[in-house]
Amino acid sequence: MGHNITRTDIPMNMQGEFHKEITIADDVWISYGATILDGVSIGRGAVVGARAVVTHSIEPYTVVGGVPERIIKNRK
């Protein structure tokens, strides 16, 4: 979720919000404290490490971790 801040004639807290869908496929493991940003898709069988910040879509069967996320390995 993000906040609209484009107009200067309206207070920021009155400009509303915008949303992009987050898609999480089957058989995905999301570890404790991970953050997944708007618009991201996580592919089937992927693993997201603890406290990772996922800013880009993750391919199926990929293990990611870090801030921002980076690929650690492929499970296949």
For a quick check, take a GNM of the chain with Cα springs below 10 Å and name the residue from SER57, SER31, SER41 with the largest mean-square fluctuation.
SER31
Where the Cα atoms of the chain are projected onto their three principal axes, how long is each span, largest first, in whole Å?
53, 21, 17
Treating the beta-carbon of each Lys and Arg as +1 and of each Asp and Glu as -1, no other charges, what is the dipole magnitude of the chain about its Cα centre, to the nearest 20 debye?
380 debye
Of the chymotrypsin sites (Phe, Trp or Tyr not before Pro) in segment 1-64, those whose Cβ has at most 10 other Cβ within 10 Å and which sit in DSSP loop
TYR32
Let me cross-check HIS3: its accessible surface, 1.4 Å probe, with only protein heavy atoms counted, in Å² to the nearest 10?
120 Å²
Solvent-accessible area of GLU17, probe 1.4 Å, all protein chains present, reported in Å² to the nearest ten, please.
90 Å²
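The values are calculated or read from the model by the stated rules, or taken from the named source; none is laboratory data. Note that the structure is a prediction, hence the values are computed from the model and not measured. Methodologically, a virtual Cβ is constructed for each residue, glycine included, from the backbone with ideal geometry; neighbour enumeration extends over all protein chains shown. SASA here: full protein model, heavy atoms, side chains in, ligands and nucleic acids out. Shrake-Rupley method; radii C 1.70, N 1.55, O 1.52, S 1.80 Å.
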